[in-house]
Amino acid sequence: MRRSHEPIAWSLFGAGGMLLAFIGPGLVLATALLPWLAAHDPVATHAAVGALLAHPLGKLLVLACVVLPLFHTLHRIYHSLHDLHLRAPRRLMQLLCYGGATLLSGVTAWWLLLI
Amino acid sequence: MTETVTVRVQRYRPEEDQEPWAQSFEVPYSEDLSILDALNQIKDQQDPTLSHRWSCRMAICGSCGVMINGEPRLACKTFLRDYRGKDALEVRALDNFPIERDLVSDISGFIDHLETVQPWLIRSDEQPVSAGAYRQTPEQMQRYAAFSQCINCGLCYAACPQFGRDPAFLGPAALTLAQRYNLDSRDEGASQRMNWLNAEAGVWSCTFVGYCSQVCPKDVDPAAAINQGKVASDINYAVNLFNILRGKDDA
Ligand code: SF4
Ligand code: FES
């Protein structure tokens, strides 16, 4: 029996789900508060966010918060489309979903490195 | 006048029917009449050519699985009273299996899958009979007890959309059985069974629809067993990758 490589996708899916479960509500709250803080004190807010993104651990945190939920979501979409009997070549769907997640993850990492 | 219930029963006699069709029968209503009782009454008193499977009449043998109003159920554990006031009561053969005759399905594919996972205690060295039974604590038994309640009725296969689309998928009950033995402290065969679990047709065809656990008449929760199997397969994948990196062969 040939080993499936699904564990890679499933691990990322699981990690994304776990991350969202633990800090998802915090992320939503922080994102909701940001515009308000920015309007209130633009200079301090900009400095604070800048400091977070300047620190390697901050970059890693933001990267994890973007990449893992991305894989989580696209993995679920990939399988849900299969469950909904979408007629599309399997390889193409894999390329779109997992390729898309990989590409967007790369772009995020690149952007974080540039800051 | 006694109240009667109309039961629409699927008929299919391969020698004369092109395709399955539904035949209506009137059955006298009673509170404690199961669908299986109703089918037996039809066969005994109205049409002796009706074919359906049954044996224990008490949700133990697992042979009376049918679709009742589109839901996979044991005919002996489902009652006419549950459908009182409903527009129709329709009984047909289990979904996702070829029909042999009337309500009788050909479940050989399912049985083959059960055998595939080697559902017995595998030991690297068998202890002689004189040494007595392999012992186990109640806590060790508890780990797999729920998964060992399966009666091989096949309802979870009729419920599973993945098995419906690809009969090669080992499916809920077989994967549960594999997990049941892998969790058994007396068993040493997990590495053999993992080869099947790790495959696409193993745990990885499951998309966690979960309908299998809803229809299971014995609360086995096959969806949970498959998810445990996914975790085990995931770890197995990582260990294998590590071994390859260390120059060992792919397992
Ligand atoms: S897991 Fe439940 S539904 Fe599936 S065969 Fe076993 S008893 Fe039947
Ligand atoms: S007749 Fe045995 S389970 Fe229903």
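No lab work stands behind these numbers, since they all come straight from the coordinates. Keep in mind the model is a prediction, meaning the values are calculated, not measured. Every residue, glycine among them, receives a Cβ derived from its backbone with ideal geometry; neighbour counts consider all protein chains shown.
Which ranges mark the helices (runs of 4 or more DSSP H) fully within region B:146-251 that have 3 or more residues being away from every other protein chain (no Cβ under 13 Å)?
B:155-159, B:171-182, B:211-215, B:222-245
What strands (runs of 3 or more DSSP E) lie completely within region B:20-115 and have 1 or more residues being touching a residue at least 24 places away in the same chain (Cβ under 8 Å), more than 13 Å from ligand 2 (Cβ to nearest atom) and among the charged types (D, E, K, R)?
B:71-74, B:90-92, B:99-101
How many of the residues making up region B:125-171 are away from ligand 1 (no atom under 16 Å from the Cβ) and closer than 24 Å to residue A:1 by Cα?
3
Mind checking whether some residue in region B:208-220 is of a type in the set (D, E, K, R), surrounded by fewer than 20 Cβ atoms within 10 Å (Cβ to Cβ) and over 14 Å from the mean Cα position of the chain (by Cα)?
no
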